[in-house]
Amino acid sequence: MKNYSGAQTVSETAQILSGKPTSFGSRLFKYAAPQAFFPIAGKMIPWFAAIAAILTALGMYIGFFVAPTDHQQGESYRIIFLHVPAAWMSMFIYLVMAFWAGVGLVMNTRLSSMMASALAPTGAMFAFLALWTGALWGKPTWGAWWVWDARLTSELILLFLYIGFMALQASIDDARRADKAGAVLALVGAVNVPIIYFSVQWWNTLHQGSSVSLTKSPSMAMTMLAGMLVMALAAWAYTFTVAFMRVRCIIIEREKHTDWMKQYLEKNA
């Protein structure tokens, strides 16, 4: 069983829980305490869950019933409404995870490390989904389920980084040491994200280039783009939902020795 020892710092107890912040920064920092963030996360979960469900239904309807058939790939291209948002989220979540892990490492804020741990399983799920849907798309398009393409290989490495992050943390009994070790791995592995993104530009790959760019007009019909963006927003909302659910579980486990958590557990027993 992990050791979750470690008392709150003076700044956490004096400024965060005093209820009398002296500046805007203090007001923001107030929610860095697990005790302050725990109820807020609980209130936001049903809202994000509802948004995720609505956007998923809308995005799937646009993608599978409204968007036109592609003139080159036929109906098989519709996998992009799952594949592309999953690939985007796998990279974005890793960067966010590495950021929070780094904040926890440098500033020793417990909630930051908890958020990093809460995000990892969802990021791994999206990385796996991107690889799996990519294989389903690649078979009719390339004639093969898998090729050692630069983008596919770097995305596979991303999945291994997620798994390694979770395995490393699980292998260390002391939670604070596990957080620090995981943070180092997450920060080092962050270099893989730009490699994934720019791989189609740096190397000759089978994988097509980006269909959506901030500097160019989209190379697809607007209904296709709309369906893909709606599904991406749904993935965002889903990520918030499950991350907040998971971080609340982590807070309960790590804070179960504190008075406020004992009172919460007794009240909700």
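The values are calculated or read from the model by the stated rules, or taken from the named source; none is laboratory data. Model, not experiment: these values are computed from the prediction. Cβ placement follows ideal geometry from the backbone for every residue including glycine, while neighbour counts extend to all protein chains displayed. Quick note on the areas: whole protein, heavy atoms, side chains included, nothing else; ligands and nucleic acids left out. Shrake-Rupley method; radii C 1.70, N 1.55, O 1.52, S 1.80 Å.
Annotations for the structure displayed:
- Computed lengthening from LYS267 to GLN72, 0.36 nm per intervening residue step minus Cα-Cα distance: 64.2 nm
- Protein accessible area in the stretch 85-151, 1.4 Å probe - carbon and sulfur %: 77
- Extension reserve of the TRP146-ALA53 stretch, reckoned as 0.36 nm per residue once the Cα distance is removed: 30.3 nm
- Surface per residue (accessible, 1.4 Å probe) for the stretch 78-137, Å²: 32
- Among 66-73, 164-171, the order from most to least packed when residues are scored by Cβ within 10 Å on average: 164-171, 66-73
- Amide H partners (placed H, <5 Å) of ASP174, local residues excluded: ASN3
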